[in-house]
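These notes concern the structure reproduced below.
Just so it is clear, none of the values below were taken in a lab; they were calculated from the coordinates. This one's a predicted model, so the numbers in the text were calculated from it and none came from an experiment. Counting neighbours? That spans all protein chains shown, and the Cβs are built from the backbone with ideal geometry, glycine included.
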Amino acid sequence: MRHALGYGRGWGRAWTPDEDVLLRNAYETAASLTPLRARLGRTACSLRWRAEYLGLRGTHANRNGWRMGPDWTDAQEAFLREHYGKMPNQSLAAQLGRTKAAMFSRANLLGLVHGYIRPFSADETRALDLAFRHGVAIADLATALGRKACSVSKYATNHGIRFGRRPLRSPAPTLADILALDAPTERGGGAGLVDHVIDSSPERPHANDQHDARDARRERRARRLGRGRPTRTEARRQERRLRRRP
């Protein structure tokens, strides 16, 4: 009964004849329905239900009459599929003439996956292990994988790999160069990056080593307290107290 009267899901005010005229005119002139929605103070769901009640559904000239911007062309969708996740979002949106929000919405409808969240392939995982063992900086590895350095660092940390600080190399290695490190050569090392990329660099102490040292300090302090020996801070406090006494 409510659907026959032109109401949407839930409660709402009744449509007036003037509002029906504006909705019919928008469908006939192929105008965007977003300004009409703001003008009438109604939701998109309300407009859709009223359009269906008036027999207007499917008669709009554009595939999507609910947006402010123009419809996506096949060429734009192909360009988005090719470059999504491979170039900066701001630059990609500018070349498409869209906002980033519109680009993300379209990519979601097309089922595209950004480089931040796409799964690591077998070659990428092997390259991560080789880069760690052969001293390649994580920034160079991220460039070779076509990913953000923070994304690669987080993936490596989650798998127990910590790169530490390593110098960047020029020119930056490619994925093929890093994978070639696993190939044996006459010198016993990898090929391609051995000469100009792979230099063993000192790394920062591993987190586990730091934790072990901290635990050892705590044990020594506990033993001193158990033997009645004051800690350095307590000894200084005792000295200050003695100096204050007349």
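Using a simple spin-label model with pseudo-atoms 7 Å out from Cα toward Cβ, residue 233 and residue 18 lie 7.5 nm apart. Legend: calculated FRET efficiency, residue 52 to residue 108, from the Cβ-Cβ distance at R0 = 22 Å, rounded to 0.05, equals 0.30.
Estimated from the Cβ-Cβ distance and a Förster radius of 30 angstrom, the FRET efficiency linking residue 90 and residue 59 is about 0.20. In this simple spin-label approximation, residue 118 and residue 168 carry label points 7 Å from Cα along the Cα→Cβ vector, and these lie 2.3 nm apart.
As a rough footprinting exposure proxy, the listed residues 138, 161 were ranked by other beta carbons within 10 Å of their own, and the order from fewest upward is 161, 138.
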